[in-house]
Amino acid sequence: MKAMVLCVDEKSQIQALDRTQPILPLAPGIPERRTHDYMRHGTTTLFAALDIVTGKVIGELHRRHRSSEFLNFLRTIVKNTPPEMDLHLVMDNYGTHKTEKVKNWLNRHPRFHVHFTPTSASWLNQVERWFATLTQKQIRRGTHRSTQALEKSIREYLKMYNDEPKPFVWTKSADEILESIARFCQRTSGSVH
């Protein structure tokens, strides 16, 4: 049987910010500048599932961030994936992913197989990297005078990205990553966090 691996998460509390002055563009020898002050115009949440083979992203926006919205997103995943494929979801341990409603729904949909990242290791989930790219290329540089404008901007980025998706590729082996983590743990043991 064929299967898909989807990295699933949500980017919550994305703020629609309108800067008091426009972003000043880059110039030779001068970095891009922006004002530190802004007006807030609401928030939205982006639920996303990144296909690790193709790089394509299924995304859905909701104003709230509860298990009911997550269930809606799971239904969106069903509609946007081949029905004959098992779906392996890589997710963090966030409470929204583990409510009774979600557990019951997953039990009724046996093609879904959930794999949770270890606590404090959500960086293992590749959709987090995609969220960083979205923030860097679309959200942070934009001016959004309303939540609707922010959501329109995110939808435009999703469409543009999915027109030519690119999967993320790990550049280090598992052993190199584990060695790096071990070195970090040795350096920080005994320090107060």
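Mind giving me the FRET efficiency for residue 2 and residue 145? R0 is 35 Å, r the Cβ-Cβ distance, nearest 0.05 is fine.
Values: r = 45 Å, r/R0 = 1.28.
Taking R0 as 35 Å, the efficiency between residue 2 and residue 145 is 0.20.
Can you give the accessible area of residue 11 in Å² (nearest 10), computed on protein heavy atoms with a 1.4 Å probe?
Spelled out: residue 11, probe radius 1.4 Å, area about 50 Å².
Measure off, as a whole percent, the carbon and sulfur share of the 1.4 Å-probe accessible area of the range 43-176, all protein chains present.
Values: 3900 of 7450 Å².
Roughly 52 percent, rounded to a whole number.
If only Cα atoms are counted, what is the Rg of the range 66-131, and what is its Dmax, in Å?
Looking at the range 66-131, its Cα Rg and Dmax stand at 12.1, 33 Å.
Pull out a ≥ b ≥ c, the square roots of the eigenvalues of the alpha-carbon gyration tensor of the range 37-147, then state rounded if a/c is under 1.5, prolate if not and a/b is larger than b/c, and oblate in the remaining case.
In terms of gyration-tensor shape, prolate.
The values are calculated or read from the model by the stated rules, or taken from the named source; none is laboratory data. These numbers were taken from a predicted model, which means no experiment stands behind them. Cβ atoms come from the backbone with ideal geometry, glycine included; neighbour counts cover every protein chain shown. Surface accessibility is based on the protein's heavy atoms, side chains included, excluding ligands, DNA and RNA. Shrake-Rupley method; radii C 1.70, N 1.55, O 1.52, S 1.80 Å.
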